[in-house]
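Read through the structure below, which is laid out as structure tokens, and then see the notes.
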């Protein structure tokens, strides 16, 4: 099965890099993968990096996006969400102001276990994978995800978050300098049990 990155659907902009991470396989004291925000804290890149899309204020109004596959997440109300089928998978786009933009590409995936850099390279050998890290995301911190930096002709440096769940692969792409923004969405992501196959 070929994994495809659908890039260029998010507004074109100049990506400001957040730098190289110091450690590529961080774990908690108990040996568990760290959460997305723990990783950023441990690598010294949170809460704000020069050029970083501003984190949502604590009192910012939120809306909940519910998808027919049974996942949901909260997002600022100024972020407009649309979705469409591109022929190979489904694309969910979030577009707001100040580089608050992301793309989720969802396609069938018949493999178990967490997504690894080696698995990505198997299908996309030319993809740049910089500073890969296994983290836990989601409202319950129970979704194992691979995060890494990459490069896109349309966007420049990107932040990638990839994970699989119940027969689907989720590829989330955003600007490399939007960690605080995308992290706030990932911290609210959840799958509804009644929709799981």
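The values are calculated or read from the model by the stated rules, or taken from the named source; none is laboratory data. Just so it is clear, the model here is predicted, and its values are computed rather than measured. Neighbour counts are summed over all protein chains in view; Cβ atoms, including those assigned to glycine, are modelled from backbone coordinates with ideal geometry.
Quick notes on this one:
- Hey, residue 117 farther than 29 Å from residue 66 by Cβ and surrounded by 15 or more Cβ atoms within 10 Å (Cβ to Cβ) or not: yes
- Flag: residue 135 does not match the condition of being at pLDDT 95 or above, touching a strand residue (DSSP E or B) at 6+ places or on another chain (Cβ under 6 Å), under 21 Å from residue 185 (Cα atoms) and crowded, with 17+ Cβ neighbours inside 10 Å.
- Filtered by the rule that a residue be in contact (Cβ under 8 Å) with a residue 40 or more places away in the chain and assigned to a strand (DSSP E or B), region 77-93 gives 91, 93.
- Residue list for region 97-108, filter: surrounded by fewer than 18 Cβ atoms within 10 Å (Cβ to Cβ) and assigned to a loop (DSSP other than H, G, I, E, B): 97, 98
Okay, residues lined up against (1) buried (at least 18 other Cβ atoms within 10 Å of the Cβ); (2) under 19 Å from residue 137 (Cβ atoms); (3) modelled with pLDDT under 90:
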residue	(1), (2), (3)
27	no, yes, yes
37	yes, yes, yes
72	no, yes, no
76	yes, yes, no
83	no, no, no
